[in-house]
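First up is the structure itself, then whatever we jot down about it.
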Amino acid sequence: MNVSRRIFLKASGGVGAALLLAGWPRGVLADEAWNAKAFAGKSLDDVVKALGGAAAQPSADIALTAPDIAENGAVVPVEIESKLPNTRSISILVEKNPNALSADFSIPAGTDPYISTRVKMAETSNLYALVQTDGGFFYAKKEVKVTLGGCGG
Amino acid sequence: MADPMRIRATLEGGKVIVKVLMAHEMETGYRKDANGNLIPAHYIQEVNATCNGKTVLSAQWGPSVSKNPFLAFRFSGANKGDKVVISWKDNKGESRTDEAVIA
Amino acid sequence: MKRKLTAARSLLWALAAVTVAGSAVAQSSSPEDEIAQYRAMFGDDNPAELWQTRGEALWKQPRGPKNVALAQVCDLGLGVGVAAGAYAQLPRYFSDTGQVQDLESRLVTCMVRGQGFTEPEAIQQHFGKGDAKSDLEALSAYLVAQSDGKPMHVPFDRPEERAAYELGKQVFFYRAGTHDFSCATCHSQTGKRIRLQILPNLTTAEGATAAYTTWPAYRISEGEFRTMEWRIQDCFRQQRLPQLKYLSPVAIALTEYLARNADGGVIKAPGLKR
Amino acid sequence: MPQRKFSLLLALATTLAACSALAKDKASPAAGPAAVKQALLASFEAKGQAGLDRLDQDETQALCSRDPDHPLSSDEVQKIVSANTAAIRYPADGRYLGDWREGEKIAQTGTGKQFSDDPAKPAGGNCYACHQLAKGEIAYGTLGPSLYRYGKLRGQGEAMLKYTWGKIYDAEASMPCSIMPRFGHKGILTEQQIRDVMALLFDPQSPVNQ
């Protein structure tokens with residue numbers, strides 16, 4: 001077992017449950033408190049609902065760039081660019097992580113609907129780019145294979 | 001106290017390209033130490049970037065953003081010499097603010 | 001931030017886009033190509049910079065019982081306080097200690113003789129872990145970056161340097177332990193890989209150069225900056241041998257062997273590794 | 001005087017050798033086996049389950065530590081073959097095959113015998129580090145040959161089972177100075193673990209043979 005798989009050992013209980021008890025503010029704008037409910041979500045649907053939506057539609061106007069294979073799941077580069085009009089926020093989700101939502105970015109007017117960052121993936125999984133516009137929620141997805149490596153496990 | 005961020009802000013084609021490296025453990029709360037005890041979660045939850053007093057990016061993060069986080073974004077409406085100010089706050093209430101001059 | 005890789009990065013971004021589109025290219029790409037694509041996505045944005053910043057301060061600030069900066073007292077081989085290019089000419093024999101020294105060994109000498117630290121103080125926490133940060137790693141990151149882009153010229157006219165090389169070579173081929181491993185087990189063939197990681201053939205100039213010039217490095221799997229001493233020590237752990245001591249004769253000798261095999265190569269460090 | 005002349009020549013030879021790209025020079029100060037062992041003992045310390053005795057070499061290890069400039073003689077090769085052939089223990093009950101599911105786990109597990117590993121836990125075989133096995137695992141190494149469809153291509157004849165058992169137990173018997181660990185002889189895997197890995201290779205249900 002390598003580090004990437006160890007990261008999420010003992011996924012049940014712990015932080016997620018504790019944060020749920022702490023209650024959840026509504027939105028994800030910067031001047032509001034950390035959205036515990038969204039970060040406790042287990043799936044794309046959970047997260048969309050916690051962010052105030054009903055469901056997300058697939059969209060070809062979201063460019064999600066990530067490697068086909070991650071040599072190490074501890075660091076997976078992700079780049080997202082939305083071509084959807086009036087993009088308000090961009091979120092990164094990893095389907096098989098213990099909690100799906102990694103990061104949620106609010107995009108104010110004047111800032112490009114573009115984000116580049118690096119996230120952890122517990123195992124081979126779909127990666128989602130979730131975009132909120134004034135027309136609702138949209139997503140693009142891509143599978144990233146997380147591999148084992150090394151001579152000592 | 002946490003180490004300073006490395007911030008690069010450059011003006012290219014009318015847009016400011018910002019690249020940030022932050023020194024942070026981003027501990028998930030799911031890992032165990034050598035003695036089998038859970039290592040408490042410790043991760044950045046909020047990131048805020050401003051330029052000339054205006055917010056240019058804000059974010060909420062969970063523990064699955066990678067250790068020593070990297071972030072890049074672009075915005076318009078600033079000039080060389082202006083300052084980009086970036087702050088983060090983690091789940092233990094620790095925070096850090098650093099700035100860079102747009103080059 | 002370094003810009004030299006930008007063109008290569010753009011190319012790989014384009015490749016990545018093609019792959020995303022699900023064309024035939026995606027199916028025919030080899031695991032090596034896919035790993036290259038993964039690594040290319042990091043571009044020039046290497047968290048090792050966080051260590052470099054801290055290391056620069058440690059190099060320039062007066063510290064220790066003698067309250068002097070390393071920049072004022074430390075001779076890494078090119079003269080007192082000369083940081084630029086010094087790493088590209090290490091290891092080397094130092095007459096004041098009568099020993100062949102690598103970067104970390106020499107830094108410890110400077111901290112002890114120049115700044116007045118005791119040796120245990122200087123080498124405690126020589127490898128960092130999380131919030132327990134290593135000054136030696138930070139200093140290494142800064143000093144290695146001062147040789148980035150410079151060709152290696154590892155001095156080799158002293159008998160001590162030759163003896164270190166020869167010892168390093170013998171150790172490189174020394175098989176022992178439960179698994180019969182030596183360094184050569186994994187690192188004496190060209191074009192092989194372990195899992196998906198390509199194994200450099202360290203007995204050739206090409207392989208040794210590819211490996212040596214890209215260390216020290218930020219190691220993704222640990223989220224830490226790691227030095228050559230660490231790299232060699234961890235290889236022996238995986239060889240199922242006991243713990244290699246920090247700055248030990250074998251650690252220096254193997255560094256000498258690798259550095260000489262890579263001589264003439266251009267330093268591209270700090271690197272970014274799995 | 002002749003002695004001094006010799007020294008000068010040696011110095012010249014040394015200088016010339018320094019110019020060769022990889023310094024494959026005979027004039028470098030020799031490090032004999034005793035000096036190497038001494039340096040190793042001075043440079044390592046016992047940690048966890050890895051004591052300094054791990055630095056001791058058996059005859060096979062010592063012979064196989066030669067650098068490529070000093071190849072083995074045919075007598076030395078024969079010594080390795082004899083010693084390691086004699087070391088192989090075949091299963092007393094004649095059962096060569098265990099559970100391929102367990103074998104797959106052993107093939108995937110890279111830990112075991114490192115000072116950082118728990119000695120109470122069974123060691124892995126880490127087969128995927130060097131070999132392709134099941135088609136579904138893309139992260140495989142190429143230090144060893146591909147073993148995909150191993151059993152499907154070879155069948156389960158007694159001679160093939162016995163040969164393969166011997167390979168896993170002590171590869172030096174059939175290929176002197178093979179880089180493959182001697183999993184049985186050196187006590188890395190138990191007899192039952194070897195059976196399980198054998199099943200991974202031979203069982204028609206195993207993903208290796210799909």
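The values are calculated or read from the model by the stated rules, or taken from the named source; none is laboratory data. This is a predicted model, so every value here is computed, not measured. As a convention, Cβ positions derive from the backbone with ideal geometry for all residues, glycine included, and neighbour counts pool all protein chains shown. SASA here: full protein model, heavy atoms, side chains in, ligands and nucleic acids out. Shrake-Rupley method; radii C 1.70, N 1.55, O 1.52, S 1.80 Å.
Being in contact with a Phe, Trp or Tyr (Cβ under 7 Å, 6 or more places away or on another chain) and either assigned to a loop (DSSP other than H, G, I, E, B) or in the same structural domain as C:Arg219 (by TED's automatic domain parsing) (or both) is the filter here; which residues of the stretch C:34-60 pass it?
Going through the stretch C:34-60, the residues in contact with a Phe, Trp or Tyr (Cβ under 7 Å, 6 or more places away or on another chain) turn out to be C:45-48, C:51-52, C:55-56, C:59.
Those that are in contact with a Phe, Trp or Tyr (Cβ under 7 Å, 6 or more places away or on another chain) and either assigned to a loop (DSSP other than H, G, I, E, B) or in the same structural domain as C:Arg219 (by TED's automatic domain parsing) (or both): C:Asp45, C:Asn46, C:Pro47.
For B:Asn79, the conditions (1) assigned to a strand (DSSP E or B); (2) more than 9 Å from chain A (Cβ to nearest Cβ); (3) open to solvent by 50 Å² or more (accessible area, probe 1.4 Å); (4) not aliphatic (A, V, I, L, M) all hold with the exception of (1).
Those strands (runs of 3 or more DSSP E) of the stretch A:62-153 in which 2 or more residues are among the acidic types (Asp, Glu) occupy A:76-82. Inside the stretch B:86-103, residues that are surrounded by fewer than 18 Cβ atoms within 10 Å (Cβ to Cβ), touching a strand residue (DSSP E or B) at 6+ places or on another chain (Cβ under 7 Å) and closer than 23 Å to B:Val65 by Cα make up a count of 7. Going by what's in this entry, would C:Gln189 be described as more than 7 Å from chain D (Cβ to nearest Cβ), more than 20 Å from the chain's Cα centre (by Cα) and open to solvent by 10 Å² or more (accessible area, probe 1.4 Å)? Judged against the criteria, C:Gln189 is a match. Identify all residues within the stretch A:120-137 that are closer than 22 Å to A:Lys49 by Cα and either out of contact with any Pro (no Cβ under 7 Å at 6 or more places or on another chain) or facing another protein chain (nearest Cβ under 8 Å) (or both); write none if there are none. Listed by number, the residues that qualify are A:Ser125, A:Asn126, A:Leu127, A:Tyr128, A:Ala129, A:Leu130, A:Val131, A:Gln132, A:Asp134, A:Gly135, A:Gly136, A:Phe137. All told, B:Ala72 falls short of being open to solvent by 10 Å² or more (accessible area, probe 1.4 Å), hydrophobic (A, V, I, L, M, F, W, C) and at the interface with another protein chain (Cβ under 7 Å from one of its Cβ atoms).
Every residue, every condition in (1) in a loop (DSSP other than H, G, I, E, B); (2) at pLDDT 95 or above, yes or no:
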site	(1), (2)
C:Ala7	no, no
C:Leu12	no, no
C:Ala83	yes, yes
C:Tyr93	no, yes
C:Gly116	yes, yes
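In the stretch D:127-134, the count of residues that are outside any loop (DSSP other than H, G, I, E, B), farther than 28 Å from D:Gln78 by Cα and touching a helix residue (DSSP H, G or I) at 6+ places or on another chain (Cβ under 6 Å) is one or more.
The residues listed here are C:Phe127, C:Phe117; of these, the one that is away from chain D (no Cβ under 14 Å), of a type in the set (Phe, Trp, Tyr) and open to solvent by 10 Å² or more (accessible area, probe 1.4 Å) is C:Phe117.
With the condition being closer than 25 Å to C:Asn261 by Cα, at pLDDT below 95 and open to solvent by less than 30 Å² (accessible area, probe 1.4 Å), I'd like the helices (runs of 4 or more DSSP H) fully within the stretch D:1-107 carrying at least 1 qualifying residues.
Working: elements: D:2-19, D:33-43, D:59-63, D:74-87.
Output list reads D:2-19.
Of C:Leu90, C:Leu78, all but one fail to be under 20 Å from the mean Cα position of the chain (by Cα), on the phi < 0 side of the Ramachandran plot and open to solvent by less than 20 Å² (accessible area, probe 1.4 Å); the exception is C:Leu90. Restricted to the stretch D:155-179, and to residues that are touching a residue at least 12 places away in the same chain (Cβ under 8 Å) and open to solvent by 70 Å² or more (accessible area, probe 1.4 Å), which residue is nearest to D:Tyr96 (Cα to Cα)? My answer is D:Lys162. Among the residues of the stretch D:36-77, those identified as among the basic types (Lys, Arg) and more than 19 Å from C:Glu166 (Cβ to Cβ) are D:Lys47, D:Arg54. Every condition in (1) in contact with a Ser or Thr (Cβ under 8 Å, 6 or more places away or on another chain); (2) modelled with pLDDT under 50; (3) buried (at least 20 other Cβ atoms within 10 Å of the Cβ) is met by A:Leu19 except one, and the failing one is (1). In the stretch A:65-85, the qualifying residues are those that are in contact with a strand residue (DSSP E or B) (Cβ under 6 Å, 6 or more places away or on another chain) and not β-branched (Val, Ile, Thr), and the one that is nearest to C:Ser30 (Cα to Cα) is A:Ala70.
Within the stretch C:226-266, the set of residues being surrounded by fewer than 24 Cβ atoms within 10 Å (Cβ to Cβ), out of contact with any strand residue (DSSP E or B) (no Cβ under 8 Å at 6 or more places or on another chain) and touching a residue at least 60 places away in the same chain (Cβ under 8 Å) comprises C:Tyr246, C:Leu247, C:Pro249, C:Asp263. Residues in the stretch B:41-58: is at least one polar (S, T, N, Q), touching a residue at least 24 places away in the same chain (Cβ under 8 Å) and closer than 22 Å to A:Leu101 by Cβ? Taking every residue of the stretch B:41-58 in turn, at least one turns out to be polar (S, T, N, Q), touching a residue at least 24 places away in the same chain (Cβ under 8 Å) and closer than 22 Å to A:Leu101 by Cβ. Taken residue by residue, the stretch C:138-145 has at least one member that is polar (S, T, N, Q), surrounded by 21 or more Cβ atoms within 10 Å (Cβ to Cβ) and either touching a residue at least 24 places away in the same chain (Cβ under 8 Å) or within 11 Å of chain D (Cβ to nearest Cβ) (or both).
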